Amino acid sequence: IQAAVRDAFDCRIAYVAAQPDLAAWDYDLVLVCFWGETWHQQFTSDPRRILKLVSSHRWQEQSYGKLTTTEFAKRHLADAGTVGATSQRLLQLLSDVRNIQHTPQGVETEHFTPALEAPSADRPLTFGWAGNAADPCKGLNDILRPAAHGLVLRTATGDLNNDEMAEFYRSIDVLL
């Protein structure tokens, strides 16, 4: 997004983990990439300034209360004037309870480029997985690691920077 709008807008990226002071910034819009995030609420109560993305079905899981679409929209999307869904399935699920736009995810192709060489007979096929290893719904420890016995499985568990992630993706043949 930042690359796409840089000629027309000043776009700043901040992570909630760094606890940014949004009150110190002059901004018109806050894009909240996780639907359950609330950090921004202490800085603005104007929903017209909040765009929130729904990129997962986690709200339908027990750990988040197995919410209905109506409960989910009321509890987690009421603070946003605009809501986007990254998949058609999420768009269809939520369109009856919320005005929602399809906002497909993209990739920064100038940075995240494919590897130049394809797998060959002298190099084993390399599988890769990226995510939170402690999250049981991701299946890393109970499904993927046992299934990958004898195969090359590389993992990126949140400790890599942007450049290291690009290299990680280039080093694998199949993303799980």
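Structural remarks
- Remark: the chain carries 68 Å² of accessible area per residue (probe radius 1.4 Å; ligands, DNA and RNA excluded).
- For the range 87-176, the dipole from Cβ point charges (+1 on Lys and Arg, -1 on Asp and Glu) about the Cα centre works out to 380 debye, to the nearest 20.
- Rounded to the nearest 20, the size of the Cβ-charge dipole of the range 1-114 about its Cα centre is 460 debye, with Lys and Arg at +1 and Asp and Glu at -1.
- Counted by Cβ distance under 14 Å from Thr86, the other residues give a net charge of +3, where Lys and Arg count +1 and Asp and Glu count -1.
- Ranked packing of 63-72, 5-14, most packed first, by mean Cβ within 10 Å: 63-72, 5-14
- Other residues lying with their Cβ under 13 Å from the Cβ of Arg48 contribute a combined charge of -1, Lys and Arg counting +1, Asp and Glu -1.
- Candidates Ser63, Pro47, Gly36 compared by Cα position along the dipole of the chain: farthest toward the positive end lies Ser63, with charges placed on Cβ.
- Whole-Hz Karplus values for the range 159-168 come out as 9, 9, 7, 4, 5, 5, 5, 4, 5, 4 Hz, taken residue by residue from phi with 6.51 cos²θ - 1.76 cosθ + 1.60 and θ = phi - 60°; glycine and proline positions read x.
- DSSP beta bridges fully contained in the range 63-176 are about 10 percent antiparallel.
The values are calculated or read from the model by the stated rules, or taken from the named source; none is laboratory data. Only a predicted model underlies this, so the values are computations on that prediction, with no experimental measurement involved. Backbone-built Cβ (ideal geometry, glycine too); neighbour counts: all protein chains shown. For the accessible areas, the whole protein counts, side chains as well, though only heavy atoms, and no ligand, DNA or RNA atoms are used. Shrake-Rupley method; radii C 1.70, N 1.55, O 1.52, S 1.80 Å.
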